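Since every read-out is calculated from the coordinates, none of them should be taken as a lab result. It should be emphasised that the depicted structure is a prediction, and the values quoted were computed from it without experimental measurement. Cβ: placed from backbone, ideal geometry, glycine included. Neighbour counts: every protein chain shown.
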Amino acid sequence: MTDDEHGPSSEQPTSRATDRAELSRAELSVRASRGVMIVMAWGLTSLALGFVGNVVLARLLEPADFGIFAIGSVVLLVTYGLSEAGLGPGMIRRREAPTRAELRALTGFQVAATSVLAILVAVVALPFGTTGAVVAVMVTAMPISVLQTPGRVLFARTLAYERLAAAEAAIVLSFYAWSITTVALGAGVWGLATGAIVRAIFGTMTIWIVSDVGVVLPGAIRWKTTRPLVSYGLRIQATWLVIMIRDLVLNAIAAAVVGIASLGLWSLARRLMEVPLVLFDSLWRVTFPAMSHILTGGEDPAPLLERGSRVFTVIASLALVVFVGTFSGIIPLLFGEEWRGVGSIIPWAAIGLLIAGTVSVATVGYLQAAGHPEDTLVAAVAFALVWIATTAAVLPIVGIEAVGMGWITGGIAEAILLDRATRRRSSARVLRASIVPLLVGVVGCALAGATSLVVPSGPEAAVAGVSVGIVTTLAGLVLFARPVVRETVDATRTALHRALSRPLTPASGD
């Protein structure tokens, strides 16, 4: 359905069910529970598909080709992030359903912004030979990708993650199908470059098909409508920009102090950390729209924030203990002896993720939904500064493990600031509610990592690390946080029951 074919009036809400009042608290719980599981399952599937696809492409291409594509990917990510302006979240959090006219104005603004930026990037990049030409081709995907925004906004408003996962599957599969085929036929790095455009086209078409809003073409820019969304979105985008700069600075410091080889160890460790990050990302993605529903319904978020933090801390602790125990000791077997140093980075990084992640999962979505993204920005800046300062100070002494240590100190700073901001806005004491299971999880990760590194590398190290970590963590939880364990079991059982047994009520995007 296009804007001109039997669609709703441009000034009418895009769908009755996108109104907050149409989703009851029970239905919201069902959608949130199911959304977390869908996002998590798709995240793991996406990692697996990416791994297989990259293995195939690595056999067909030279390392230099991958390097050129990596440069193009970074440029594409940065320029898209700068031009997108975070407009979608502003429409996700508000109570009123966006009208088609508003969605067209939003799309028009984003298409204009990305087109201008794509032209500027291409003009600057083209003089730099093949690398510049690849970048110029890849950035043409940006104006196409932003046509997905209206559908994604409505998916998030109704927590319709089944269809969003289907669309993202089409995006990933289309990229690898095109890239592998064209590279195998001799296109080289141009197969990857044009794959970015194919990915944008297939993603946009799929979202148009699976979203009830259909095709939303760019419309006239309404600054009165767009200005408040830009103001709110830029504060969210600023947090994203801080994270990007933080990672670039950390890589530059590590390369300058300990060399490119050691930086390679950190890069692999960071890639491996994407596995447990799937668990956290599934909560981050669902929490913001869910909290938007709750706040517009006038509910007190404090009990939900505290309970959610306690429950997630227990789940995350057990998951990270297994991850640390498995990978700390098995790295040489999987990747070769030259990568042994990665195993000593992982426990530090996992503890940092546990400290920062368990607090941020419960608070970031709430603060942004409540209209205070500046609080998350302050926390992100503190996280970055402390992480960078710790790494720079310790790196010459202990080597590349310092980056993981910096994750811990930065995570502590972020957790404290997010907790204070949330307490100030809602009276919820998130850190106090989860501190006991959090400390137990930290000890469990440390012991799992230490055990795996002491035992000779191989399956025995993984078994020993996981066993010691799980036993320690479970014993600590039972001894010091038994009510939280019972609460976690009950909450998990309820969430699974809601997600697997109850049908969804009809809504846009379902």
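Once both labels are positioned 7 Å from their Cα atoms along Cα-to-Cβ, the gap between residue 62 and residue 185 label points is 2.3 nm.
Counted residue by residue at 0.36 nm each, then reduced by the alpha carbon distance between them, the extension gain from residue 470 to residue 55 reaches 146.1 nm.
Placing a label point 7 Å from the Cα of residue 339 along the Cα-to-Cβ direction, the residues of region 239-273 whose backbone N falls under 18 Å of that point are 260-273. Each peptide in 159-172, 450-463, 303-316 gets a packing score, the mean of other Cβ atoms within 10 Å over its residues, and the list from highest to lowest is 303-316, 159-172, 450-463. Note on residue 245 and residue 480: the extension gain reaches 80.7 nm, defined as 0.36 nm multiplied by sequence separation minus the Cα-Cα distance. Model label sites at residue 493 and residue 96, defined 7 Å from Cα along the beta-carbon direction, differ in position by 4.5 nm. Distant-in-sequence amide contacts of residue 215, defined by a placed amide H-H separation under 5 Å and a gap of 5 or more residues or a different chain, comprise 2. Estimated from the Cβ-Cβ distance and a Förster radius of 35 angstrom, the FRET efficiency linking residue 261 and residue 130 is about 0.85.
Considering only the Cα atoms of region 310-389, their convex hull presents on average a projected area of 6.6 nm².
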